[in-house]
1. Taking region 216-260 only, how many residues are among the aliphatic types (A, V, I, L, M) and assigned to a loop (DSSP other than H, G, I, E, B)?
2. Give me a count of the residues in region 42-92 that are modelled with pLDDT of 95 or more and in a helix (DSSP H, G or I).
3. Let me confirm something: among Met200, Met183, Met169, which residue is buried (at least 18 other Cβ atoms within 10 Å of the Cβ) and within 30 Å of Val142 (Cα to Cα)?
4. For region 169-179, check the following and say yes or no: at least one residue is at pLDDT 95 or above and closer than 28 Å to Lys48 by Cα.
5. From the list Phe195, Phe190, Phe177, exactly one residue is within 19 Å of Ala122 (Cβ to Cβ), touching a helix residue (DSSP H, G or I) at 6+ places or on another chain (Cβ under 9 Å) and crowded, with 19+ Cβ neighbours inside 10 Å. Which is it?
6. State all residues of region 118-135 that are surrounded by 24 or more Cβ atoms within 10 Å (Cβ to Cβ) and either among the acidic types (Asp, Glu) or at pLDDT below 95 (or both); if no residue qualifies, say none.
7. Are any residues in region 67-86 more than 23 Å from the chain's Cα centre (by Cα) and surrounded by fewer than 13 Cβ atoms within 10 Å (Cβ to Cβ), and if so, which ones?
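The values are calculated or read from the model by the stated rules, or taken from the named source; none is laboratory data. Because the structure is predicted, anything quoted here is derived from the model rather than measured. Note that each Cβ is placed from the backbone with ideal geometry, even for glycine, and that neighbours are counted across all protein chains shown.
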Amino acid sequence: MATTTAEATKTLVNYRVDSGVAVIEMCDPPANTYTYEMNLQMDAAILKARMDNDAYVIVITGAGDKFFSAGANIRMLNSVDPTFKYYFCLQANEMLLRLEHTPKLVIAAINGHCVGGGLEIAMAADLRIARKDAGKMGLPEVNLGVLPGTGGTQRLSRIVGKSKAIELMVTGNTYSFEEAKEMGIVNDIFERENFMENIMEYARQFCPPNKAAKAVGRIKRAVQTGWEIPLESALAVERENQQILFQSDDAKEGISSYVDKRPATFTAK
């Protein structure tokens with residue numbers, strides 16, 4: 001069996017909502033490696049955050065301060081047959097697609113080493129903020145004789161370009177957060193001290209009353225969907241999302257506040 005009874009009942013993903021921000025924490029320190037059971041809990045947390053009316057932004061992080069995530073649990077993979085490995089990757093892919101399709105901004109708070117499947121999770125987020133001097137990142141799966149099989153080959157190439165992505169994956173090298181920022185993999189690097197507090201403050205800027213959360217989510221959906229289809233179809237997706245927003249209270253508030261020359265107060269309605 002790939003999942004023991006003890007593991008099946010263990011809490012491997014923590015979920016909480018704080019001032020409009022849903023925090024999903026992978027909780028199997030020190031490395032926060034994921035298994036079939038953790039993926040099930042992660043998928044349930046993503047769905048919960050998507051449907052939670054009190055959550056406007058999602059933050060994903062890892063428990064402890066050593067790893068965001070080291071990816072898939074290699075011991076688990078070593079103990080199962082190839083068919084299970086295939087369905088395990090399929091399950092992880094579907095989970096990360098759900099994350100990308102959720103019409104809420106997703107921020108990966110990279111608080112430690114972020115390698116293998118851990119980086120694949122982070123790349124499915126919309127924004128990636130790393131903790132200064134907290135570790136390395138990379139996709140070293142080639143050193144195990146396999147490839148990054150939960151979206152790594154596709155998402156990394158979309159971030160850094162085909163040639164650079166191939167180089168990073170075939171060498172299997174890891175790199176600093178500063179190097180990752182130069183390549184566009186990491187959006188920003190925050191100081192080590194008060195990292196999560198600063199992440200939460202950063203995330204709240206996208207929540208009401210500061211921002212129109214529906215507009216933030218629809219911008220994300222227009223980009224995520226439009227990226228994969230021809231321009232003409234992508235523009236149609238953009239128009240559809242805009243039409244939905246035009247009917248919202250926040251759009252009425254945003255436009256009228258501009259005309260009235262006053263700060264807007266958004267309600268996510």
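1. Going through region 216-260, the residues among the aliphatic types (A, V, I, L, M) turn out to be 216, 219, 222-223, 229, 231, 234-237, 244-245, 251, 255, 259.
Going one step further and asking which of them are assigned to a loop (DSSP other than H, G, I, E, B), we end up with 229.
The number of residues fulfilling the criteria is 1.
2. The total comes to 10.
3. Working: Met200 fails: within 30 Å of Val142 (Cα to Cα); Met183 fails: buried (at least 18 other Cβ atoms within 10 Å of the Cβ).
The conditions single out Met169.
4. Applying the first criterion (at pLDDT 95 or above) to region 169-179 yields 169-179.
So of that shortlist, the ones also closer than 28 Å to Lys48 by Cα come out as none.
For region 169-179, residues at pLDDT 95 or above and closer than 28 Å to Lys48 by Cα: absent.
5. Numbers: Phe195 fails: touching a helix residue (DSSP H, G or I) at 6+ places or on another chain (Cβ under 9 Å); Phe177 fails: touching a helix residue (DSSP H, G or I) at 6+ places or on another chain (Cβ under 9 Å).
The match here is Phe190.
6. Glu120
7. Arg75, Asn78, Ser79, Asp81, Pro82, Thr83
The rows are residues; the columns are (1) over 20 Å from the mean Cα position of the chain (by Cα); (2) assigned by TED's automatic domain parsing to the domain that holds Val106; (3) under 28 Å from Ala70 (Cα atoms).
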residue: Val160; (1), (2), (3): no, yes, yes
residue: Ile166; (1), (2), (3): yes, yes, yes
residue: Val170; (1), (2), (3): yes, yes, yes
residue: Asn173; (1), (2), (3): yes, yes, yes
residue: Ala180; (1), (2), (3): no, yes, yes
residue: Gly184; (1), (2), (3): no, yes, yes
residue: Asn194; (1), (2), (3): yes, yes, yes
residue: Glu197; (1), (2), (3): no, yes, yes
residue: Arg218; (1), (2), (3): no, no, no
